[in-house]
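Below: one structure, written as structure tokens.
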Amino acid sequence: MLHGIAGAWVKLERAKEHIRHLELSIDGFLNARPPPYAVVAEEEPETRDKVYRVRGIKRFPLQWSAITGDCIHNIRSTLDILWRGIWYPDGGGVGDRKTQFSFFDSANEFEARYKRVEKSRLQTAVDIVRAFKPYKRGNELFGLLIEADDIDKHRGISLVAGASNYLVADFVPYVIGGPQITPEEIASLPGGPTRLPFMHETVCPIEEGTELHRVPFIIWSEKKVDVNPEFPIYIAFEESGPLNGKSVVALLTQFLDIVARLGDAFIKAGLLPSHWPPPKT
């Protein structure tokens, strides 16, 4: 039976296992041969532009959404367990707004919630949480975590594939959609391929035929630029709002890290038992 604070660390360890499993599964899928996604350079008949499109898409396992949801819920639950452990160190009490770790619309709202906390161990806990800024325009990770958990509880997490755009070139006389590069700037580029980002960093979601980039005919036909575009594929959240397009593994790792750091801060302040340290990320 999970009990008290020990249960929080068990949940974080389980979340860590989920992230490790998800990362290995995604890497294995994306690096398979033949690859699940191909990017093909096609000459557009009307404009003769060279257009890079996604072709031959394969479906990734739907189980990834369930694993992601489980991971999120374990991390989110840990926040409530830790916060309840602060308010009721003997394991008693009832659940209410005070014992639920919340994300606030502003710093003022945070202060209003806890302004009546007496100068005690609770005040120390509030001071620690204040430093983590769990409010908008503070530390948005807490808000994203709570939002993701609510989404998973009500309709499940939706995942999609996205693509990051990179330009690898030996000679770059211009930046896509940007200012011209002077001969002096070209001469200052390091020898060998130079990696420069496109103006649009990511395209998400990607589907069969999605255009990732195009090189105008006048550019490639006159060999004004010798490019080798790269489009690394990643798995992302498909949700409205700030979650949309964010890398699943990267964001889950950030969630795990910030909750572990908060628990560690409580332990160092003597507010929680230290017999089970939080997992290192």
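Just so it is clear, none of the values below were taken in a lab; they were calculated from the coordinates. Please read these numbers as outputs of a predicted model, since none were measured by experiment. Every residue, glycine among them, receives a Cβ derived from its backbone with ideal geometry; neighbour counts consider all protein chains shown.
List of remarks:
- Cβ-derived FRET efficiency at R0 30 Å, D105 paired with E17, nearest 0.05: 0.30
- Under a model in which nothing but the beta-carbon of Lys, Arg (+1) and Asp, Glu (-1) is charged, the stretch 96-147 shows a dipole of about 220 debye around its Cα centre.
- For E42, the residues whose modelled amide H falls within less than 5 Å of its own, excluding neighbours fewer than 5 places apart on the same chain, are V51, Y52, R53.
- Per-pair calculated FRET efficiency, R0 = 45 Å: D27 and W87 via Cβ, rounded to 0.05: 0.65
- When the C-alpha to C-alpha distance is required to be over 25 Å, the pairs from K115/K246; K16/K153; K133/K268; K11/K115 that qualify are K115/K246; K11/K115.
- If R0 is taken as 22 Å, the Cβ-Cβ distance between E208 and Y166 corresponds to a FRET efficiency of 0.50.
- With a simple spin-label model that places each label point 7 Å from the Cα along the Cα-to-Cβ direction, the separation between N244 and K136 comes to 1.7 nm.
- In order along the stretch 71-79, the Karplus-derived 3J(HN,Hα) couplings, from 6.51 cos²θ - 1.76 cosθ + 1.60 at θ = phi - 60°, round to 4, 4, 5, 4, 5, 5, 4, 4, 4 Hz, and Gly and Pro are given as x.
- Were the residues from I218 through K153 laid out at 0.36 nm apart, the gain over their Cα-Cα distance would be 18.2 nm.
- Listed peptides 69-80, 136-147 by packing density, highest first (mean Cβ within 10 Å): 69-80, 136-147
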